[in-house]
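Chemist: There's a structure below that I have some questions on.
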Amino acid sequence: MKAMIYLGIALGLATFASAQNTVTLKHIEFRQGYSRLARLAQLQGKLVVHLKISSSGTVSTAESETSEQTLIEHPLLQEEASNIARKCTFQCLDCTRDGDYSYTLIFVYRLEGQKSNFDESKISFDFPNTITITAHPTVAIKDSVTLGRP
């Protein structure tokens with residue numbers, strides 16, 4: 001009987017702890033889809049952006065990380081994901097008014113289909129925290145020397 005009471009208390013505390021810090025994304029803004037330069041360089045993969053959010057809901061810090069070697073060597077998409085995350089606003093339903101809180105956004109950049117000169121990026125959200133940005137790879141533009149023009 002005691003074990004069941006302790007288990008019930010432990011489960012109750014876990015539920016209460018998970019109910020704390022209910023963070024929701026209020027606003028996200030994209031000025032562009034998939035970066036043309038990143039498409040040209042064929043950069044794609046998964047990025048995790050760790051956020052520190054102020055009590056007002058604005059992002060105070062955004063640090064991205066990835067385990068994908070190409071994205072580590074060429075941090076263009078890391079910078080892009082961090083910049084998008086910094087412009088987000090959040091709401092924390094059960095947070096204290098004076099404290100900061102943490103949140104993680106996951107960005108998945110994916111190139112698929114035939115090469116195209118047009119930015120036909122598609123952005124999808126898998127709530128609560130995954131953003132997938134999909135586009136066609138871009139066609140490299142030949143310079144004037146290759147085209148035989150001065």
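The values are calculated or read from the model by the stated rules, or taken from the named source; none is laboratory data. Remember, predicted model here, so these are calculated numbers, not experimental data. Note that we place each Cβ from the backbone using ideal geometry, even for glycine, and neighbour counts take in every protein chain shown.
Chemist: Considering only residues that are assigned to a loop (DSSP other than H, G, I, E, B) and among the β-branched types (Val, Ile, Thr), look in the range 132-144 and name the one that is surrounded by the fewest Cβ atoms within 10 Å (Cβ to Cβ).
Modeler: Ile141
Chemist: Where the second residue is of a type in the set (Val, Ile, Thr) and loosely packed, with under 14 Cβ neighbours inside 10 Å and the first is over 17 Å from Ser102 (Cα atoms) and in contact (Cβ under 8 Å) with a residue 12 or more places away in the chain and lies in the range 36-58, which pairs have Cβ atoms under 9 Å and are six or more apart or on separate chains?
Modeler: From residues that are over 17 Å from Ser102 (Cα atoms) and in contact (Cβ under 8 Å) with a residue 12 or more places away in the chain, the pairs are Leu40/Val139; Leu40/Ile141; Ala41/Thr70; Gln42/Thr70; Leu43/Thr70; Gln44/Thr70; Gly45/Thr70.
Chemist: Among (1) part of a strand (DSSP E or B); (2) within 23 Å of Lys46 (Cβ to Cβ), where does Ser60 come up short?
Modeler: (2)
Chemist: Select from the range 41-64 the residues that are exposed (fewer than 14 other Cβ atoms within 10 Å of the Cβ) and out of contact with any Phe, Trp or Tyr (no Cβ under 9 Å at 6 or more places or on another chain) and list them in ascending order.
Modeler: Within the range 41-64, Gln42, Ser56, Ser60, Glu63 qualify.
Chemist: Residues Thr66, Thr134: which one is farther than 16 Å from His27 by Cα, in contact with a helix residue (DSSP H, G or I) (Cβ under 7 Å, 6 or more places away or on another chain) and modelled with pLDDT of 95 or more?
Modeler: Among Thr66, Thr134, only Thr66 is farther than 16 Å from His27 by Cα, in contact with a helix residue (DSSP H, G or I) (Cβ under 7 Å, 6 or more places away or on another chain) and modelled with pLDDT of 95 or more.
Chemist: Arg36 passes all but one of (1) charged (D, E, K, R); (2) over 10 Å from the mean Cα position of the chain (by Cα); (3) at pLDDT 95 or above; which number fails?
Modeler: Only one criterion in (1) charged (D, E, K, R); (2) over 10 Å from the mean Cα position of the chain (by Cα); (3) at pLDDT 95 or above is unmet by Arg36, namely (3).
Chemist: Given the conditions (1) in contact with an Asp or Glu (Cβ under 6 Å, 6 or more places away or on another chain); (2) within 18 Å of Ala135 (Cβ to Cβ); (3) modelled with pLDDT of 95 or more; (4) not β-branched (Val, Ile, Thr), and given that Gln44 satisfies all but one, which numbered condition is not satisfied?
Modeler: In the conditions (1) in contact with an Asp or Glu (Cβ under 6 Å, 6 or more places away or on another chain); (2) within 18 Å of Ala135 (Cβ to Cβ); (3) modelled with pLDDT of 95 or more; (4) not β-branched (Val, Ile, Thr), Gln44 misses (1) alone.
Chemist: Where in the range 69-131 are the strands (runs of 3 or more DSSP E), entirely inside, with at least 2 residues that are under 10 Å from the mean Cα position of the chain (by Cα), closer than 17 Å to Val49 by Cβ and touching a residue at least 40 places away in the same chain (Cβ under 8 Å)?
Modeler: Result: 101-111.
Chemist: Which one of the conditions (1) under 23 Å from Phe125 (Cβ atoms); (2) in contact with a strand residue (DSSP E or B) (Cβ under 8 Å, 6 or more places away or on another chain) does Asp100 fail to meet, given that it meets all the rest?
Modeler: Going through (1) under 23 Å from Phe125 (Cβ atoms); (2) in contact with a strand residue (DSSP E or B) (Cβ under 8 Å, 6 or more places away or on another chain) one by one, Asp100 breaks only (1).
Chemist: A further question follows. Looking only at the range 65-86, which residues are under 16 Å from Val23 (Cα atoms) and surrounded by fewer than 20 Cβ atoms within 10 Å (Cβ to Cβ)?
Modeler: The answer is Arg86, and nothing else.
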